[in-house]
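Every number in this text was worked out from the coordinates using simple rules, so none of it is lab data. Since the structure is predicted, the reported quantities are computational estimates derived from the model, not experimental observations. Don't worry about glycine lacking a Cβ; one is built from the backbone with ideal geometry, like all the others, and counts go over all protein chains shown.
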Amino acid sequence: MDIAIFKDSPAGTLVPIRGWDNELHQGYEHFAYVPHALATTVDLSQATIKVMGEADRALGNLNARIRFLPNPALLVQPALKREAQETSKLEGTYAHLDEILAAELSDEPKRSGELREVMNYVTAALQAIELIKTLPICKRLLEETQATLVRGTRGDGYDAGSLRDRQVFIGEKGKPVEEARFVPPPAEFVADGFADWEKWINAEDDLPLMAKLAMAHYQFETLHPFSDGNGRLGRLIVTLQLLVNKEIEYPILNISAYLEPRREEYINALRQVSITGDFDPWVAMFCRAVRDRSLASMQVIDTLLSYRDSVVAKAERVGIRGITSDVVDVILGSPFISVSEFANSRGVVYNTARALISKLETLGVLREVTGGGYARTYVAREVTQIISDL
């Protein structure tokens, strides 16, 4: 880490560290960055305030659009899986969207390491969304979520599910600490820093919500309170804050799809806060992410509903009975599906589900991807293409 550019930071302090690098088998002496506690005010430019207003409006329109859906919960799984794909890509873990959408139909032990990591995010997100019904965003909630996030992966170490008690470095693997992009606080600063963050994020204040979300994300990533999973967990916290503040009713916003193709800009925006103490550029970028992804999500919802209506209309036109909006809704939420899953989703017997699937095959909505046999799997290819824009 370049000490010179951090030494005069108004947002934090450099502290000396020393230790042993187990990977390089050598000792080190360097410095780590400890951020100051977050303030309850922030200076923002008129340009940033403008884009913040655009983000607020777009998010409000998205929530209103979701509220008018007949069954908004059906989009939760595909939206979380899309977010899982993008947030994992930001950390260098890649899995194809088809793999992720079809994951429940595969044997868990046969999943690749990459797919296991991505699906852990979906499980952890659903767990956290359930926990915030009775808990604030707090140490217990995040420790439990982080343990689920890293379970069975390379990050599943002795300290999974607890704040880290060791020094970590952020940078290229195999490089010494001096060449790290950033060195988070020593372990002895983590507990107090996290406690301050926890109080701040749950406190009542006059900060605009978009600024508060952006500032909380910066502080969490800078503290880097866990040994692994901080990036994915930090972006999940944004969703949790939106749910807690009732800005969205369902976790359908996917900001990682904006940040992933702008990975270097995202990293540098967070880093510049530590160097300069100026939150304005980072808050502006965060607001653009919320604005653009809210608009994109609304477009996806409208496209899915238009597609559903077109399938129902086509069935009526060619004289195929039983293909209602409720039937098509099943594949909007689960574009990879088996006959058994279809039967469970509709609350019908197996033979009825198989007959409905056969009708959807005739309409060109579903096609089999397993090559026959009893445990057949089908895909709604047009739906997967639409979801890829979530």
Would you work out which of Pro261, Ala355, Leu305 lies farthest towards the positive end of the dipole of the chain, given +1 charges on the beta-carbon of Lys and Arg and -1 on that of Asp and Glu, about the Cα centre?
Ala355
Pseudo-spin-label distance Arg154 to Asp302, built 7 Å along Cα→Cβ, given in nm, is 4.2 nm
Less than 25 Å apart at the alpha-carbon level, and either on another chain or at least 8 residues along: which lysines does that give for Lys314?
Lys359
Can you tell me the convex hull volume per residue for the stretch 309-349, based on C-alpha atoms, in Å³ to the nearest whole number?
73 Å³
Per 20 angstrom bin, beginning at 0 and ending with the bin that holds the maximum distance, the Cα pairs of the chain fall in percents of 26, 52, 19, 2
Defining a contact as two alpha carbons under 8 Å apart and six or more residues distant in sequence, what relative contact order in percent does the chain show?
23 percent
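Roughly how many debye, to the nearest 20, is the charge dipole of the chain about its Cα centre, given +1 on each Lys and Arg Cβ, -1 on each Asp and Glu Cβ, and no other charges? Could the numbers behind the result be given before it?
Details: 43 positive and 54 negative charges, 287 e Å.
Charge dipole of the chain: 1380 debye, to the nearest 20.
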Please work out how much length the chain gains when fully extended from Lys7 to Lys173, using 0.36 nm per residue of separation minus the C-alpha to C-alpha distance, in nm with one decimal.
57.3 nm
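Could you give the length gained by full extension between Trp20 and Ala39, i.e. 0.36 nm per residue of separation minus their alpha carbon distance, to one decimal place?
Taking 0.36 nm per residue and subtracting the Cα distance, the gain is 3.4 nm.
At 0.36 nm per residue, minus the direct Cα-Cα distance, what do Asp107 and Asn351 gain on full extension? Give it in nm, one decimal, please. Please report the intermediate quantities before stating the final value.
Details: separation 244, 0.36 × 244 = 87.84 nm, distance 2.44 nm.
Extra length available between Asp107 and Asn351 comes to 85.4 nm.
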Set Lys and Arg Cβ to +1 and Asp and Glu Cβ to -1, take the dipole of the chain about its Cα centre, and tell me which of Asn120, Val168, Ala375 lies farthest positive.
Ala375
Residue pairs, from the table Lys89/Lys133; Lys81/Lys173; Lys50/Lys199; Lys133/Lys246, whose Cα atoms sit over 22 Å apart:
Lys89/Lys133; Lys81/Lys173; Lys50/Lys199
Assign unit charges at the C-beta atoms only (+1 for Lys and Arg, -1 for Asp and Glu), then state the dipole size of the stretch 76-171 relative to its Cα centre in Debye, rounded to the nearest 20.
240 debye
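Counting only helical runs of four or more DSSP H residues, what would the 222 nm mean residue ellipticity of the chain come to if each run contributes -39,500 (n - 2.57) and the total is spread over all its residues? Write out the running numbers ahead of the final one.
Working: 16 runs with 216 residues, N = 390.
The per-residue figure over the chain is -17500 deg cm²/dmol.
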Could you check which residue among Ser325, Ser340, Ser106 shows the biggest mean-square fluctuation in a GNM of the chain with a 10 Å Cα cutoff?
Ser106
Just to confirm the number: angle between the C-alpha axis of helix 280-318 and the first principal axis of the chain, 0 to 90 degrees, nearest 10?
10 degrees
Residues whose placed amide H lies under 5 Å from that of Phe31, excluding near-sequence neighbours
Ile17
Inter-probe distance in nm under a simple model that places probes 7 Å from Cα toward Cβ, at Leu135 and Lys199:
2.1 nm
